[in-house]
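The structure appears right after this line, and notes come after that.
Quick note: the coordinates plus some simple rules give every number you see, no bench work behind them. Everything numeric in this text was worked out from a predicted model, so none of it was measured. Glycine gets a Cβ as well: all are built from the backbone with ideal geometry, and neighbour counts include every protein chain shown.
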Amino acid sequence: MSPQRVIHFTLNGAAAAAIVEPHHNLIELLQAQFGLTGAREACGQGLCGCCTVLVNGRAVSGCLYLASFVDGADVATIEGFDVSNRLSPEQEAFIETGAFQCGYCTSGFIIMVSQLLDKHPDPSDDQIKHYLSGNLCRCAAYPEIIEAVKLAARKRKARAATMARA
């Protein structure tokens with residue numbers, strides 16, 4: 001029998017606690033104890049980006065990140081991007097451009113696009129390709145994903161301008 005551990009952390013802005021086994025990864029924790037299925041384990045090696053979540057504002061591969069490591073941390077998943085029943089600019093852009101087909105990789109892409117636009121509000125194609133190189137889309141929607149990033153950047157600017165006027 002493995003020694004279980006109680007951890008406390010913030011999950012999508014709310015206090016959370018969980019009992020974890022030392023070998024459980026973050027994806028197992030999010031799915032089994034919180035029913036959050038947006039981030040998915042696909043490759044199990046941290047190579048595809050489908051399991052991307054934010055820990056203390058930094059993107060991590062949830063399939064490799066041990067659940068016990070989030071004790072005291074701030075964890076954000078794709079489910080936390082829907083604020084006040086409104087999609088994020090990144091989510092809207094992915095829908096509007098058809099940047100997903102099966103949707104399996106979409107949450108990881110959206111999280112990475114959000115971080116990209118935080119660092120580079122108006123990224124070039126090369127910056128987009130470089131930043132998203134750790135995310136794989138088996139449906140090959142890459143041209144649409146690049147277009148979604150550009151649209152998300154424009155949507156962010158428009159929202160910021162609207163909020164500044166309010």
**Study point:** Proxy reagent accessibility, fewest Cβ within 10 Å first, across T52, T37
**Key:** T37, T52
Exercise for review: Read through the labelled values (i) 9.6; (ii) 10.2; (iii) 11.2 and report the label of the one computed as mean projected area of the Cα convex hull in nm² from the structure.
Suggested key: (ii)
Practice item. May I ask you to compute the full-extension gain from H8 to F69, defined as 0.36 nm times their residue separation minus their alpha-carbon distance, rounded to one decimal in nm? Key: 20.9 nm
Review point. GNM, the chain, Cα, under 10 Å: largest mean-square fluctuation among V83, V55, V75?
Key: V83
Review point. Label 7 Å along Cα→Cβ of N56; region 68-112 residues with amide nitrogen under 11 Å?
Key: 70-74
Point to revise | Residue of G38, G62, G134 that the Gaussian network model of the chain assigns the largest fluctuation, springs spanning Cα pairs under 10 Å | key: G134
Check your understanding: Which is farthest toward the positive dipole end of the chain among T77, Q91, F34, measuring Cα position about the Cα centre, with Cβ charges +1 (Lys, Arg) and -1 (Asp, Glu)?
Key -> Q91
Review point. Which whole-angstrom value gives the distance between the alpha carbon centres of region 125-164 and region 34-59?
Key: 19
**Study point:** Potential extension, V83-K119 segment - 0.36 nm per residue separation minus Cα distance
**Key:** 10.9 nm
Check your understanding: Which one of G72, G13, G98 has the biggest mean-square fluctuation once the chain is modelled by GNM with Cα springs under 10 Å?
Key -> G13
